[in-house]
Each structure stands twice: as C-alpha cells, then as structure tokens.
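Single-structure report; data block below.
FYI, it's all coordinate maths here, none of it is from the lab. Model, not experiment: these values are computed from the prediction. All Cβ positions, glycine included, derive from the backbone under ideal geometry; neighbour counts span all protein chains shown.
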Amino acid sequence: MTSASAEIRNYTINFGPQHPAAHGVLRLVLELDGEVIVRADPHVGLLHRGTEKLAETRTFLQSVPYMDRLDYMSMMQNEHAYCMAIERLMGIEVPERAQYIRVMFDEITRVLNHLLWLGTHALDIGAMTVFLYAFREREDLMDVYEAVTGARMHAAYYRPGGVYRDLPDAMPQYQASKKKNESDLRRLNENRQGSVLDFIEDFSKRFFGYVDEYETLLTDNRIWKQRTVGIGVVEADRAKALGFTGPMLRGSGIVWDMRKMQPYAVYDKLDFEIPIGRTGDSYDRYLVRMEEMRQSNRLIQQCVAWLKANPGPVISDNHKVAPPSREAMKSNMEELIHHFKLFTEGMHVPEGEVYAAVEHSKGEFGVYMISDGANKPYRLKLRAPGFSHLAGLDEMSRGHMIADVVAIIGTLDIVFGDIDR
Amino acid sequence: MPLTPEVLLDRVNEALGDKVLTSKIAQEQITIEVPVGDWLEVCAILRDTHALAFDLMIDLCGVDYSAYKDGAWEGQRFAVVLNLLSIKRNHRLRVRTFCADDELPILPSLMEIWPAVNWFEREAFDLFGIVFDGHPDLRRILTDYGFIGHPFRKDFPISGHVEMRYDPELKRVVYQPVSIEPRVVTPRIVREDNYGAA
C-alpha cells in the first residue's frame with residue numbers, strides 16, 4: 001500500500017466538544033501532519049448565552065447573578081468587576097470593611113480556581129492523585145462560600161455599594177447521620193466551633209502545607225516535567241502581542257499585576273508578592289500559579305486579621321443604591337419607598353461610560369459599561385481573559401504533538417463560561 | 001507612577017495632532033474619538049510612540065447607538081471601541097470611531113498592529129455586522145453555524161427569530177419561528193437629570 005509516490009496529505013480531526021480534556025465545550029479542529037499539529041482552529045460559542053444582551057434588558061441589580069455564571073470558577077471576582085463599574089459611574093464609596101471582605105473572597109476564589117486548574121491539568125496529563133487532593137481543599141472553601149452566601153458557587157454576594165451581608169458568627173456544623181458516628185462528628189466539627197473567620201483562619205494555617213504537598217507530587221516529578229517543560233512556549237513580546245494577561249503573561253517573565261500596578265479595593269494596603277516565570281513554558285506557568293496560591297493565602301490571613309479587629313458597616317448607606325435594613329424598611333415610610341423603588345425600577349446610573357477591571361484568577365477581567373442614564377445598562381461588554389488566551393492556542397500548539405494540545409489547553413486555564421459569555 | 005489623565009491626554013494630543021475629534025476625561029479615564037479614515041494610522045501611532053507605548057490590546061467591541069436615550073441619538077449608528085493598556089508605561093486609553101455607513105459599517109482591520117484583535121474583530125462582526133477590511137479570517141465566532149442576523153444590534157429581539165427542536169417524524173433537529181411572546185417585566189426608563197436627588 002505504501003509506495004514512494006503515495007500522496008501525503010494532512011489529516012483533519014475533531015477534538016471535542018464532548019472530550020473530557022476539552023474543559024467544557026471546546027470544539028477543536030486539528031489539522032495534522034502525521035501526529036504533529038499544523039493548525040488548530042478552536043470553535044467556540046457553544047455556551048454562548050448572550051449575557052451582554054441579557055444585561056441590557058435587566059436592571060443593574062438583576063444582572064449581578066449573571067456574573068457568577070461567566071467564569072463559573074471565579075465567581076466573586078466577576079461580580080467585583082461588575083460592581084466596581086457601577087460604583088465608579090455613580091461615584092459611590094464602598095465601606096472599608098466591605099472592601100476587605102471583597103479582597104478576602106477574591107483571594108479565596110483565586111485559590112478555588114487555581115485548585116481546580118491544578119487538579120484538572122494534572123488529571124489531563126495523567127496524575128490522578130492531585131485531583132483528589134485539590135478537591136478535598138476546595139470542599140472546605142466551598143463550605144465558606146455556603147456559610148456566607150447560602151450558595152456553594154453562584155454566590156451573588158457582592159452588590160453595588162458593598163456586600164450583601166456581614167460574615168456570620170457561626171460556622172455551620174456537620175449533623176449526625178447513619179454514616180457519621182459520634183467520633184467522626186467530633187473530628188469533622190473540630191475546626192467549626194467558632195465563627196466563619198475562625199474557620200478561614202484555621203484553613204489558611206493548614207493551606208501552606210497542602211501547597212507543599214502538591215509540589216512534592218509534581219514539581220520534581222519526571223513525567224510532569226517531560227509533559228510541561230518546553231511545551232507551549234510564549235516569548236514575552238509575543239505574549240503582549242497576543243493580548244495575554246494574568247499568569248499567562250507573568251509566566252513569560254513580564255511583571256504585571258493589576259493588584260500592584262493599578263490597585264483597586266484595598267490591595268495597596270496589603271503585603272504580597274508577584275511571582276513571575278522565565279521561559280514562558282507550561283512548567284513556568286505551573287510554578288507561577290503555585291506561588292500565587294501561597295501569596296493569596298497570605299492575603300487571606302491579612303484580611304482575616306483586619307476583619308477580626310475592625311467591625312463596621314458592609315454596604316453603603318445610600319439607599320438609592322443599596323437596600324435599607326429589613327427593620328428600617330418595616331418601620332419607616334421613606335425606607336419602604338426606597339426599598340420598593342430599588343427592587344422594582346432599580347437604580348439609575350448617570351450617563352457615561354467606564355471600564356473597570358480586576359486581576360482575575362485567569363488574567364484581566366474587565367467590564368466596559370455604557371449607561372445612558374436609564375435603569376438598565378445601554379451596553380455591557382465583558383472582557384474575558386480566556387478569550388484572548390484561547391485565540392493564542394493556534395500559535396502555541398503548532399509543531400507540537402496531539403498529546404501536547406491537552407497540556408496546552410490545561411495550562412491556558414480556560415473555562416467556557418467566560419469565553420462564550 | 002502612572003501619569004495623571006490630564007498629562008496623558010496632552011501627550012496623546014501631541015502625538016495625534018488634529019486626528020483627535022473629541023476627547024473626554026471621566027472617572028479618571030480618557031476617551032478619544034478619531035475619524036474612521038485615520039483608524040489604522042492612529043492605532044499605529046499609539047503603539048509606536050515612545051511616550052505612549054500601548055503594547056497590549058485589552059478589548060475591542062462594537063456598539064450600536066441607534067436606541068441611545070430612547071432614540072434621541074443623532075449621528076452614525078455603529079461605533080467600535082478599543083480599550084488599550086500600556087504595560088511599559090502603566091496607563092490606559094479608550095479610542096472610539098464611528099463607522100461612516102450605517103448600512104454597511106466597514107473599517108480597516110488592526111491585525112497588523114495588535115494580533116490580539118483577531119477574535120475580538122470576529123466577535124464584533126458576528127454580533128454587530130461590522131466588517132473589518134483586511135481581516136484574514138472573518139468568520140462568525142459565538143453564534144451557531146448558519147446563524148442569520150447580528151444579534152447584538154438593538155433591532156434584534158432578545159428572544160431571536162428562530163427556535164430549534166427535535167422533530168421525531170423527520171428524525172432531525174428543525175428550526176421554526178419562535179413561539180414565545182416577548183415580555184417586559186421591568187420597563188426601561190430614562191429619568192431627568194438629578195432624579196430623586198435629596
């Protein structure tokens with residue numbers, strides 16, 4: 001069958017949209033020369049829900065929960081950018097305690113995101129154990145989410161003007177059941193005796209050790225290095241040209257972090273460092289994200305210490321933006337009117353346009369909002385970091401083998417909620 | 001330390017000269033408007049001028065102004081807004097240009113200047129029907145294969161024109177006109193300035 005004159009042609013194969021390593025609904029059309037990638041053409045939009053158009057038909061407050069469903073691994077950070085855009089247009093001051101709570105939850109969210117990234121990235125490459133470890137810690141943080149907001153993922157906790165409520169005084173505990181006897185319960189509830197802040201503090205003390213555990217599994221692992229070192233290299237200049245942000249940019253050796261360079265909330269009052277990579281390959285980006293988890297943990301500890309010492313209001317007292325307390329609403333006519341107007345007609349944001357961005361776990365997440373003075377945004381553009389990163393996949397994977405595409409998708413840390421919007 | 005917006009705007013004006021139609025500083029952010037004819041040239045200057053050095057293209061998006069303030073808008077309908085960041089100098093800028101023709105909004109592609117605009121231009125084409133001349137691969141990106149129309153235009157209904165279901169007789173998925181009635185729960189209201197101010 002094979003002869004010297006046999007025609008050699010490129011193969012085209014479909015990767016996804018139901019491939020477990022495609023991280024969601026990525027359809028990838030790969031053009032192959034043997035097993036080497038000649039061209040990778042990602043087809044996105046399978047999860048397109050038109051969030052931006054939907055937001056144009058909802059009041060400003062009604063769109064907050066949509067933000068959770070964008071990058072559904074970094075829920076609260078999306079809300080942060082959205083609320084910041086409204087606050088800047090309206091010129092609202094956010095109470096300091098609310099800002100510390102926001103920063104603490106931004107960093108908890110970053111840890112959650114990086115744990116999921118680490119687990120799935122390692123799983124794609126063939127390391128099963130890391131996944132189980134990472135999800136064990138995610139469970140604790142999900143419990144924090146649930147204790148504070150009532151939801152494990154889609155929190156809708158940040159509101160324009162602050163956060164929905166203060167941190168609760170008690171951490172929910174495990175209940176007795178057929179499967180849990182007395183001694184199990186005692187062990188499980190041991191660190192849940194105090195407030196939510198006590199639980200977070202306890203977690204952050206343990207967490208440095210956990211990160212070291214993950215590192216012993218991977219950092220010097222021969223297979224891990226063979227699969228990531230020199231894979232998907234992006235030079236510094238190229239990373240900028242392709243519009244990369246976040247760990248993708250820092251992995252290529254560029255010192256850029258919104259939290260340091262253009263600080264928002266209270267990041268300028270906190271002490272943390274920015275890790276950067278050198279070579280711009282998948283392994284360096286892995287190291288950057290691992291160190292980011294440690295730095296996030298440091299930030300969480302600083303916020304916990306501050307929050308324990310400084311009680312105060314957590315949402316603005318401007319009732320054109322934030323609802324009055326339940327008690328005041330029931331006893332005061334004016335507050336009742338405020339409450340009614342806020343939840344029926346919604347707030348009016350002055351005419352203008354603003355771009356508000358946060359350093360999201362994946363890169364720069366921005367909200368560009370145009371308001372014409374109505375109770376709904378005129379145009380809302382969500383700048384998703386994953387969108388630029390996935391556009392760079394073609395360039396990053398050329399010349400690599402099929403199996404490396406999986407490693408590159410893993411290192412991009414993509415989630416389809418924010419790419420497709 | 002980043003520059004104050006006023007100083008940065010002076011430098012932008014210096015570099016671009018009379019190519020800046022209007023400029024505005026609000027919320028410490030600069031927005032400039034440039035003529036569509038100078039689009040490529042302006043962007044090249046913004047990237048290459050030493051004092052500006054906008055090396056990262058953050059965002060490019062289309063805007064349909066036809067329903068602005070409930071139809072009080074005069075002027076061209078489609079705009080393209082570019083959000084730029086300079087990592088080298090740590091500052092940001094927003095550039096807007098209006099497409100000359102409302103029927104066929106067209107402007108040159110920025111692929112040569114920032115390769116990052118690739119998918120953003122495809123998105124603006126898909127959602128608004130803005131054509132980027134010179135883009136090497138201007139396909140739809142977010143909507144379905146074979147989608148008709150540009151869904152983010154203000155005259156496109158929120159529930160769309162067609163819906164999809166599985167037809168057990170034909171044994172395939174079929175498209176049919178939408179059966180749901182559009183419903184407005186909270187009407188859109190533009191109030192006068194300072195409405196409700198104490």
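When the residues of the range B:85-97 are narrowed to those that are of a type in the set (A, V, I, L, M) and within 9 Å of another protein chain (Cβ to nearest Cβ), which ends up farthest from B:LEU56 (Cα to Cα)? Lay out the reasoning, then the answer.
Of the residues in the range B:85-97, the ones of a type in the set (A, V, I, L, M) are B:85, B:87, B:93, B:95.
Add one more test, that the residue is within 9 Å of another protein chain (Cβ to nearest Cβ), and what stays is B:85, B:87.
Values: B:LEU85: 5, B:ILE87: 7 Å.
Restricting to residues being of a type in the set (A, V, I, L, M) and within 9 Å of another protein chain (Cβ to nearest Cβ), the top hit is B:ILE87.
Which numbered condition in (1) free of Cβ contacts under 8 Å to residues at least 24 places away in the same chain; (2) out of contact with any helix residue (DSSP H, G or I) (no Cβ under 6 Å at 6 or more places or on another chain) is the only one that A:PRO323 fails?
(2)
Name the residue that is surrounded by the most Cβ atoms within 10 Å (Cβ to Cβ), counting only residues in the range A:236-289 that are of a type outside the set (Ser, Thr, Tyr), more than 24 Å from B:TRP114 (Cα to Cα) and within 14 Å of chain B (Cβ to nearest Cβ). Explain how you work it out, then say what you get.
To start, the set of residues in the range A:236-289 that are of a type outside the set (Ser, Thr, Tyr) comprises A:236-244, A:246-251, A:253-263, A:265-266, A:268-278, A:280-281, A:284-285, A:287-289.
Narrowing the set further to residues that are more than 24 Å from B:TRP114 (Cα to Cα) leaves A:259-260, A:263, A:265-266, A:268-275, A:284, A:287-289.
Cutting the leftovers down to within 14 Å of chain B (Cβ to nearest Cβ) gives us A:259-260, A:263, A:268, A:274.
Working: A:ARG259: 20, A:LYS260: 14, A:PRO263: 14, A:ASP268: 10, A:ILE274: 16.
Filtering first and then ranking leaves A:ARG259.
Looking for something closer than 20 Å to B:ILE189 by Cβ and either in contact with a Lys or Arg (Cβ under 7 Å, 6 or more places away or on another chain) or charged (D, E, K, R) (or both) - is there at least one such residue anywhere in the range A:332-344? Quick ask: steps written out before the conclusion?
Kept after step one, since they are closer than 20 Å to B:ILE189 by Cβ, are these residues of the range A:332-344: A:337-344.
When the remaining residues are screened for being either in contact with a Lys or Arg (Cβ under 7 Å, 6 or more places away or on another chain) or charged (D, E, K, R) (or both), the result is A:341.
Within the range A:332-344, one or more residues are closer than 20 Å to B:ILE189 by Cβ and either in contact with a Lys or Arg (Cβ under 7 Å, 6 or more places away or on another chain) or charged (D, E, K, R) (or both).
For the condition buried (at least 18 other Cβ atoms within 10 Å of the Cβ), under 14 Å from the mean Cα position of the chain (by Cα), more than 14 Å from every other protein chain (Cβ to nearest Cβ) and of a type in the set (A, V, I, L, M, F, W, C), what is the one hit in B:LEU82, B:LEU107, B:LEU60, B:LEU52? Before you say what the answer is, go through the steps one by one.
Values: B:LEU82 fails: more than 14 Å from every other protein chain (Cβ to nearest Cβ); B:LEU60 fails: more than 14 Å from every other protein chain (Cβ to nearest Cβ); B:LEU52 fails: under 14 Å from the mean Cα position of the chain (by Cα).
Exactly one of B:LEU82, B:LEU107, B:LEU60, B:LEU52 is buried (at least 18 other Cβ atoms within 10 Å of the Cβ), under 14 Å from the mean Cα position of the chain (by Cα), more than 14 Å from every other protein chain (Cβ to nearest Cβ) and of a type in the set (A, V, I, L, M, F, W, C), namely B:LEU107.
Of all residues in the range B:124-138, which are closer than 21 Å to B:VAL162 by Cα and among the charged types (D, E, K, R)? Show your work before the answer.
Going through the range B:124-138, the residues closer than 21 Å to B:VAL162 by Cα turn out to be B:125-129.
Listed by number, the list holds a single entry, B:ASP126.
Restricting the search to the range B:24-53, which residues are on the phi < 0 side of the Ramachandran plot and touching a helix residue (DSSP H, G or I) at 6+ places or on another chain (Cβ under 6 Å)? Please lay out each step first, then the result.
Within the range B:24-53, the subset on the phi < 0 side of the Ramachandran plot is B:24-26, B:29-52.
B:ILE25, B:ILE30, B:VAL34, B:ASP38, B:VAL42, B:ILE45, B:THR49, B:ALA51, B:LEU52, listed by residue number.
Quick check on this structure: which one of A:TYR66, A:TYR72, A:TYR82 is crowded, with 23+ Cβ neighbours inside 10 Å and over 21 Å from A:ILE200 (Cβ atoms)? Spell out how you get there, then give the answer.
Working: A:TYR66 fails: crowded, with 23+ Cβ neighbours inside 10 Å; A:TYR72 fails: crowded, with 23+ Cβ neighbours inside 10 Å.
Exactly one of A:TYR66, A:TYR72, A:TYR82 is crowded, with 23+ Cβ neighbours inside 10 Å and over 21 Å from A:ILE200 (Cβ atoms), namely A:TYR82.
Among (1) under 24 Å from A:MET396 (Cα atoms); (2) surrounded by 14 or more Cβ atoms within 10 Å (Cβ to Cβ); (3) among the β-branched types (Val, Ile, Thr), where does A:VAL211 come up short?
(1)
Pairs please, first residue from the range B:138-165 and part of a strand (DSSP E or B), second anywhere and small (Gly, Ala, Ser), Cβ atoms under 9 Å, 6+ apart in sequence or on different chains.
So the pair list comes out as B:GLU163/B:SER179.
Is it true that A:TYR158 is under 20 Å from the mean Cα position of the chain (by Cα) and within 28 Å of A:PRO247 (Cα to Cα)? It would help to see each step written out before you state the result.
Working: under 20 Å from the mean Cα position of the chain (by Cα): yes; within 28 Å of A:PRO247 (Cα to Cα): yes.
Spelling it out, A:TYR158 is indeed under 20 Å from the mean Cα position of the chain (by Cα) and within 28 Å of A:PRO247 (Cα to Cα).
Out of B:GLU121, B:GLU74, B:GLU112, B:GLU163, report the one residue that is closer than 30 Å to A:ASP257 by Cβ, loosely packed, with under 14 Cβ neighbours inside 10 Å and more than 9 Å from chain A (Cβ to nearest Cβ).
On the way: B:GLU121 fails: loosely packed, with under 14 Cβ neighbours inside 10 Å; B:GLU74 fails: closer than 30 Å to A:ASP257 by Cβ; B:GLU163 fails: closer than 30 Å to A:ASP257 by Cβ.
The conditions single out B:GLU112.
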